[in-house]
Every structure is written in structure tokens, then in C-alpha cells.
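The values are calculated or read from the model by the stated rules, or taken from the named source; none is laboratory data. In this text the structure is predicted, and so the values were computed from the model without any measurement. When we count neighbours, we look across all protein chains shown, and the Cβ atoms used for this are built from the backbone with ideal geometry, even at glycine.
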Amino acid sequence: MKRKFLFLLVTFLLLVLAACSSNNSSTEATSASESKGKSSNYPEKNITLIAPYEPGGGTDRNARILAEAISKNLPNNVKMIVENRPGGSSTVGLTYLHNSKPDGYTLSVAMETGLAIKTHTDDLAYEWDSFTEIATLVSGPQLFVVKKDAPWDTAEEWLEDVKKNPGKFRAGIAGVGSIGHLALEEVKYKAGLDMITVPYDGTGPTVQGLLAGDVDGTIVASSQVDLELMKVLFNIASERTEDIDAPTLNELGLEVASDSWIGLIAPPGLPEHEKSFLQDAFKNALEDPEVIEKITAGGSQPFYNGPEEFKKIIEERYKINEQVMRSNGMIK
């Protein structure tokens, strides 16, 4: 009798354990299925693309061109909507992004200023590597211009003259700590030049200062070049631009290559599926002839790199800027 009882008890316990195991497996499978289904349905609602600058500028314009193109191909009748969050040379918008959920529904365009310059000079909630890098999107030249009646016709003449006359050349900059400012400081540092930098509040006033004779040269985008009033001596970017015939400093033997790029980032911890989806969406948009035409009309060009290369670009600029800023006393 006891043996029969023990046999029944053991059999009962084995059945209970088997049922629990089956239930757990079913629950895990259902959970995994739901998780997979949720990820594969992305996006299910509108995506916010932060433009951390005022409306109407080049970054805002390129963001809107790409958001419009991508919205045409998003599933589930979803749109990508640009939202301007200016302030702090883009750090206000990037701080907002950093504090957002990493669900793929809040993204931001970003430039060197907010990621690799202000991270040296400002007390921020994020570091240069705090975000999920998705891709670089567009880039533009950094053209060094002087007035039409200036005594220099080539970059070589300008470099020779500035070296012979230290402390005399006045270079206008569109704000302390701007991309153009750091590019000029890099030229000064690597070429051994002694120039005076004169800060203005934006590129427009800087160009006005040049034409008025208050400064001797400045950096502009190709869309801001007026060849009837200016001469372009060189391009600080890594490659020549098609619409302006000017040598790069690399061509002249000076190791300076500072591209004015715009990239796409997300909050830290973005899932791989959403990251891959966004990479493909922006890559496809940048290959669209209509998008390319709109981007180039504004003086930029498609500049696609995946997340690994994008991170390398940010890190390289971060390190170069640190070296340059330490040399001129901007940071200790």
C-alpha cells in the first residue's frame, strides 16, 4: 500500500513539474514572439527628427529634405516630422535627445559643434560618445575667402604673406567655438600662423564685416560665395567641391581636413532592429536623384557613412579639437 502511494505521489509531482515547464516555455515563446513582432512593426507612429538649430539654416533645410523623402516610403502611414529645438549651439536639442527613450521615435541631426567641440568647453549631460550613431548624411566645403581686391590670388601667396607678417591678418569667425572657428585655429596651429580672430554673431555678419573691410578673410559655405566680390583661396574640407574651383589644404601639403558634416544620432541604447531600419531608410533617401538635386542646390552633398565610420569621424574631430583648443588656451 505504501509503495503504491509513493508511486502515485511521485507520478503526480512529475506531472506538475512537466506542466510548469510547458507553461514557462509557452510564456517565453509568446513573449519572444510579441517582442519580435513589436520590433518588426517599427515604425508604428510618427518619428520626431530634432533639428537643434533655428528654422531656415542649412542644417534645418537638409533635415527637412531628408524627412520629406523618407516619409514617402515609411510603412503604416507614418511620417517623419522635423522639430526645431535650438539653443546652446545645438546642445539644447542634443540634451533633449539624450534624455529621450531609445525607441526609435526621437532622433536628431547633429554636427561637429555639439558633439566634438561643446563637449570640451561646456558642462553637458552627455559626452561625445554618449549617443547611438546611425549615419553621416551630408557634408559641405569650408571655403576660405578674401575680398576681390585683396593682394593674394593663391593659397600659397596667402600662407607666405601671413607667415612674414605675424599678428596682422584679421580672420572673421561666425562665433567662438563654431566649426569654422576651430577649422581656422587648426590651420593656424598646423601651419604655424599668427592671426587675429574677430568673432561675429553668425556667418551673415561675418561676410558683411569682410566686405566692409573690417576683417581680411573668413570661412563660408559655397552657397555664400559671391565671386564678383570675393576670391576663394582654399578649401579646408577633405575634398574639392564641384562648384568652386579651389584647392584643399591637403593638396598644398598641410594636413588639415575639416569637413562640415551633418549626421544622424539617437538616444543611447537604440535597439539594433530600429538602428538598421533607419540606416537603410536614410541611405536610400541619399541615393534618390531628386534628394541629391535638392541637397546640392543648397551647397551640400550626400555624405553617407555607417555607424562605425561615423563614430570614428566624431572621435577624430574630438581629439583634434582638444589638441587645437589646448594650444590656443580655449581649454586647459
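A few notes on this one:
- Unique residue being surrounded by 16 or more Cβ atoms within 10 Å (Cβ to Cβ) and modelled with pLDDT under 95 when the list is GLY298, GLY329: GLY298
- Residue under evaluation ILE262, criteria (1) assigned to a loop (DSSP other than H, G, I, E, B); (2) of a type in the set (A, V, I, L, M, F, W, C); (3) modelled with pLDDT of 95 or more, criterion not met: (1)
- Among the residues of the stretch 268-298, those identified as outside any loop (DSSP other than H, G, I, E, B) and of a type in the set (Gly, Ala, Ser) are SER276, ALA281, ALA285, ALA297.
- A single member of GLY217, GLY209 is more than 22 Å from the chain's Cα centre (by Cα), surrounded by fewer than 22 Cβ atoms within 10 Å (Cβ to Cβ), touching a residue at least 24 places away in the same chain (Cβ under 8 Å) and more than 25 Å from TRP128 (Cα to Cα), and it is GLY209.
- Screening SER90, SER100, SER139 for residues that are closer than 27 Å to ALA237 by Cα, among the polar types (S, T, N, Q) and out of contact with any helix residue (DSSP H, G or I) (no Cβ under 6 Å at 6 or more places or on another chain) leaves exactly one candidate, SER139.
- Qualifying residue in the stretch 303-320 (condition: at pLDDT below 95 and either in contact with a helix residue (DSSP H, G or I) (Cβ under 6 Å, 6 or more places away or on another chain) or over 20 Å from GLY57 (Cβ atoms) (or both)): no
- So VAL220, is it among the β-branched types (Val, Ile, Thr) and more than 10 Å from PRO141 (Cα to Cα): no
- Apart from one condition, LEU211 fits all of (1) part of a helix (DSSP H, G or I); (2) more than 26 Å from TYR105 (Cα to Cα); (3) not assigned by TED's automatic domain parsing to the domain that holds GLU157; the exception is (3).
- Residues of the stretch 77-101 that are touching a Leu at 6+ places or on another chain (Cβ under 7 Å) and not in a strand (DSSP E or B): THR91, THR95.
- In the stretch 269-304, the qualifying residues are those that are hydroxyl-bearing (Ser, Thr, Tyr) and within 17 Å of the chain's Cα centre (by Cα), and the one that is nearest to GLU44 (Cα to Cα) is TYR304.
- Close pairs from the stretch 140-169: first touching a residue at least 40 places away in the same chain (Cβ under 8 Å) and under 15 Å from LEU184 (Cβ atoms), partner exposed (fewer than 14 other Cβ atoms within 10 Å of the Cβ) and small (Gly, Ala, Ser), Cβ under 6 Å, at least 6 apart: none
- Number of positions in the stretch 254-280 that are crowded, with 20+ Cβ neighbours inside 10 Å and closer than 22 Å to HIS98 by Cβ: 10
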